[in-house]
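Have a look at the structure below, then the notes.
The values are calculated or read from the model by the stated rules, or taken from the named source; none is laboratory data. What you see is a predicted model; the values in this text were computed from it and never measured. Backbone-built Cβ (ideal geometry, glycine too); neighbour counts: all protein chains shown. Areas reflect the complete protein model, heavy atoms only, side chains present, ligands, DNA and RNA absent. Shrake-Rupley method; radii C 1.70, N 1.55, O 1.52, S 1.80 Å.
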Amino acid sequence: MRAKRCARVTWALLLAVAPVLLTPAADAADPPTSAPTRADAPVPAIGRTWPVGTRPPVLRGWEPPATRYGRGHRGVDLTAPPGTPVRAIAPGRVSYAGRVAGKGVVSVELTGTGDPPLRTTYEPVRASVRKGDEVAAGDVVGTVEPRGSHCTTPCVHWGLRRGDTYLDPLSALPPWLLRRGPSRLLPVLGVPLPT
């Protein structure tokens with residue numbers, strides 16, 4: 001009985017502390033990079049690559065909670081076997097690279113996305129970057145860890161936030177990255193062939 005109560009207290013503390021750990025400290029030396037943005041502003045499609053693979057299967061989509069602490073899924077789960085490289089979807093600065101509740105986590109503040117900036121988070125990831133590192137779109141920030149996933153099959157959880165507001169990470173990808181089929185050239189009718 002005591003062990004269960006201890007476990008509940010530990011989880012409650014982790015849930016209370018995790019947002020603080022994942023929120024970067026403000027640096028007075030950094031001037032604002034863009035005009036202020038409301039937390040509910042639309043997400044710009046700034047992504048240039050998927051975090052893992054090319055068009056990986058989405059095991060579980062974004063399910064926003066009804067309330068701040070309500071049930072939901074605050075990101076998307078992408079199929080990714082252990083050891084898969086995890087990439088930054090857009091340029092930014094690493095705001096966190098470490099462990100939270102035993103899982104490896106990497107967070108990247110995306111450049112030029114307003115104030116507060118958009119921040120993407122990947123877990124479970126063995127970081128290959130450190131807090132403060134600048135990354136370009138497609139740069140590897142770590143690899144998928146063999147343990148720590150909440151999926152039934154190996155996956156990486158990809159989250160997106162603006163301040164304290166969770167957003168759908170897929171909304172940061174442009175339509176050309178979300179399309180499934182290959183590009184096809186259609187015949188041009190009425191144009192003579194070159195001789």
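Could you run through the stretch 144-195 and say how many residues are modelled with pLDDT under 70 and either polar (S, T, N, Q) or under 30 Å from PRO116 (Cβ atoms) (or both)?
Counting residues in the stretch 144-195 that are modelled with pLDDT under 70 and either polar (S, T, N, Q) or under 30 Å from PRO116 (Cβ atoms) (or both) gives 2.
Of the residues ASP40, ASP115, which is farther than 22 Å from PRO174 by Cβ, under 19 Å from the mean Cα position of the chain (by Cα), at pLDDT below 95 and charged (D, E, K, R)?
None of the others qualify; the one that does is ASP115.
Here is a list of conditions, (1) closer than 24 Å to ALA45 by Cα; (2) of a type in the set (Gly, Ala, Ser); (3) in a strand (DSSP E or B), and GLY112 meets all of them except one; can you say which number that is?
Condition (3) is where GLY112 drops out.
Looking at the stretch 145-173, I want the residues that are under 13 Å from GLU123 (Cβ atoms) and of a type in the set (Asp, Glu) and have a partner that is open to solvent by less than 10 Å² (accessible area, probe 1.4 Å) and in a strand (DSSP E or B) with Cβ atoms under 7 Å, at least 6 apart or on another chain. Which pairs are those?
That search, which allows pairs on different chains as well, returns GLU145/GLY104; GLU145/VAL125.
Scan the stretch 134-158 residue by residue and report those that are open to solvent by 10 Å² or more (accessible area, probe 1.4 Å) and closer than 19 Å to THR49 by Cα.
GLU134, VAL135, ALA136, ALA137, GLY138, ASP139, VAL140, THR143, HIS157
I'm checking my understanding of the structure. Among residues of the stretch 67-76 that are of a type outside the set (Phe, Trp, Tyr) and more than 15 Å from ALA172 (Cα to Cα), which one is surrounded by the most Cβ atoms within 10 Å (Cβ to Cβ)?
In this case the residue turns out to be HIS73.
Does SER95 count as within 13 Å of the chain's Cα centre (by Cα) and not β-branched (Val, Ile, Thr)?
Against the criterion (within 13 Å of the chain's Cα centre (by Cα) and not β-branched (Val, Ile, Thr)), SER95 qualifies.
Please specify each residue of the stretch 117-133 satisfying the condition of being open to solvent by 50 Å² or more (accessible area, probe 1.4 Å) and assigned to a loop (DSSP other than H, G, I, E, B).
Selection gives SER128, ARG130, LYS131, ASP133.
Taking the residues in the stretch 84-99 that are in contact (Cβ under 8 Å) with a residue 60 or more places away in the chain and outside any strand (DSSP E or B) as candidates, determine which candidate is most open to solvent (accessible area, probe 1.4 Å).
Per the stated criteria, the residue is THR84.
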